[in-house]
Amino acid sequence: MMAENFAIEMEHISKSFPGIKANDDITLRLKKGEIHALLGENGAGKSTLMSILFGLYSPDEGTIKVNGKEVEIKDPNYANDLGIGMVHQHFKLVDVFTLLENIILGSEPVKFKFLLNKAKAREKIKSICDKYQLDVDLDAKVEDVSVGMQQKTEIIKMLYRDNDILIFDEPTAVLTPQEIKELLEIMKNLATEGRSILFISHKLDEIMAVANTCSVLRKGKLVATLDVNKTNKEELSTFMVGRSVSFSIDKKDSVPGDNILKVRNLVLQNKIHKDLNIVDGVSFNVRRGEIVCIAGIDGNGQSDLVYGITGLEKVKGGKIYLNNFDITNKSIFERNNLGISHIPEDRHKHGLVLDYSLGYNSVLENYWRPDFTKYKFLINEKAIAEHADKLIEKYDIRSGRGHDTIVRSMSGGNQQKVIVAREIDRDPDLLIAVQPTRGLDVGAIEFIHKQIVAERDKNKAVLLVSFELDEVFNLADRILVMFKGKIVGEFNPKDVTREELGLYMAGSKSNYNFVDDENREETNNEEN
């Protein structure tokens, strides 16, 4: 094929970091107007390769051509000048700025040569939002909006700059099924318009649905480039992890025991609209030996519900009981010590100290215990290192320098594994897991799902929040659906279809009667 038919040619790219070769002699070519998927395990080198293309890293070896011309991309500004835009896996947003301010940051329109022209920017952004059906509140601050809306902001930011070569790094990791469907349609429309797209994803269904070509990386090397129309999920997963992978979890029926978590009429205030409640009179139980999943479209109070239970946010009303002990006003530290583990939705904000080592992050909640101290006040570095090494081996956490690796330098999927390993290893009575497999490859998802089911089978209680319907139906013993801050339905996953669940998630149906196991009182009764 003639060189002019390629938008991007990355030839023999290599990049090393201390202790690891992230990219090893990779050649990747993106045709004009195509969607080219990049698939691989966590830590396979996908994000590093795309960061080189976007100017965040310089390659140790190799060359890059854009539209047939060899270039040296020294920084993201030069990448933008070449028409390359990137939606990052970990958002590049300023929390205290509004969404509009984040979108125009670095490309601000001006009038009279020095005055910021927000009105002009707003007009262009609104036309983009209308065209691609991206619904965001431009005047809300990033710190006050959902992770899903932050992801949309990143996408709008790229489209605002009129880029022709688009890099999507795990763009659907935090989106709901409906939002994912919309985004995939947007990507196909962009390709139809003549834009060229590089699409990093672990989700094989999405790759099969939208991509023309798929390149597979494993341990820093390119192992295959395939025509998507001539392959299947099983072949892709085998190339990715080097073995066959099961897409469903084999678990026995649950045998629930006593209530571990009891939530009674819980109310949390909306942070943006103070006169509204983001969680509005929610009541439910989670028992030993069961996985209860909160399903729903992002932004309907699921995250805030978890914040209230874990102590990350103060509740406005209601009660929370753990093992029949009132923890409503207990600190996060106290709740952890009473038996709660929490895999948070935002791993950077609530899950890790990014500039700490993997070892220190593995004991963030336990560093003060006798196992990790000596003479009662000194940190036992050797014990922490041994503990971290055990988790690294058990959970296949990939890092350049083992327990000494600074977590910020690790791939998103391996950062997630650190949190999952730490929280499950604490042996909690209640495991709260929010999007626990976000950003993980199919092999890691299979492993984490087995660990969660194992916790249930050890007679632990599990509260799962997930926007992935495959994950909901694979793991849940009982499904609760939230809509506009209320629980509107309760289901056995064996007795409900995805279509019916979708009606409850969209608010078209509502029928939830909470019965207090002890007092036999019906509350939170909502019916349409």
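The values are calculated or read from the model by the stated rules, or taken from the named source; none is laboratory data. The structure presented is a predicted model; accordingly, all values stated were derived computationally and were not measured. Backbone-built Cβ (ideal geometry, glycine too); neighbour counts: all protein chains shown.
Structure notes:
- Top-ranked residue of the range 478-514 - restricted to ones that are surrounded by 16 or more Cβ atoms within 10 Å (Cβ to Cβ) and small (Gly, Ala, Ser), ranked as nearest to residue 303 (Cα to Cα): 485
- Here the range 44-60 is the region considered, the condition is being in a helix (DSSP H, G or I) and touching a Ser or Thr at 6+ places or on another chain (Cβ under 9 Å), and the residue that is farthest from residue 398 (Cα to Cα) is 52.
- Exactly one residue out of 408, 422 is assigned to a helix (DSSP H, G or I), more than 17 Å from the chain's Cα centre (by Cα), of a type outside the set (Val, Ile, Thr) and closer than 17 Å to residue 347 by Cα, and it is 422.
- Residues being in a strand (DSSP E or B), at pLDDT 90 or above and under 16 Å from residue 161 (Cα atoms) - total across the range 61-118: 3
- Top-ranked residue in the range 457-486 [being part of a strand (DSSP E or B), within 23 Å of the chain's Cα centre (by Cα) and over 20 Å from residue 344 (Cα atoms); ranked as modelled with the lowest pLDDT]: 483
- Across the range 178-197, not a single residue is classified as surrounded by fewer than 18 Cβ atoms within 10 Å (Cβ to Cβ), in a loop (DSSP other than H, G, I, E, B) and touching a strand residue (DSSP E or B) at 6+ places or on another chain (Cβ under 7 Å).
- Test: residue in the range 301-311 that is of a type in the set (S, T, N, Q) and farther than 19 Å from residue 338 by Cβ: yes
- Each residue in the range 10-27 was checked for being crowded, with 21+ Cβ neighbours inside 10 Å and closer than 20 Å to residue 412 by Cβ, and 4 pass.
- Options 138, 166: the member that is crowded, with 20+ Cβ neighbours inside 10 Å and modelled with pLDDT of 90 or more: 166
- Unmet requirement for residue 278, which otherwise passes all of (1) farther than 30 Å from residue 251 by Cβ; (2) surrounded by fewer than 21 Cβ atoms within 10 Å (Cβ to Cβ); (3) touching a residue at least 60 places away in the same chain (Cβ under 8 Å): (2)
- Within the range 366-406, being within 20 Å of residue 441 (Cβ to Cβ) and out of contact with any strand residue (DSSP E or B) (no Cβ under 7 Å at 6 or more places or on another chain) holds for 391, 392, 393, 394, 395, 396, 397, 398, 399.
- Residue pairs meeting the criteria (Cβ under 8 Å; at least 6 apart or on separate chains; first modelled with pLDDT of 90 or more, in the range 432-456; second assigned to a helix (DSSP H, G or I) and of a type in the set (Ser, Thr, Tyr)): 432/310; 434/303
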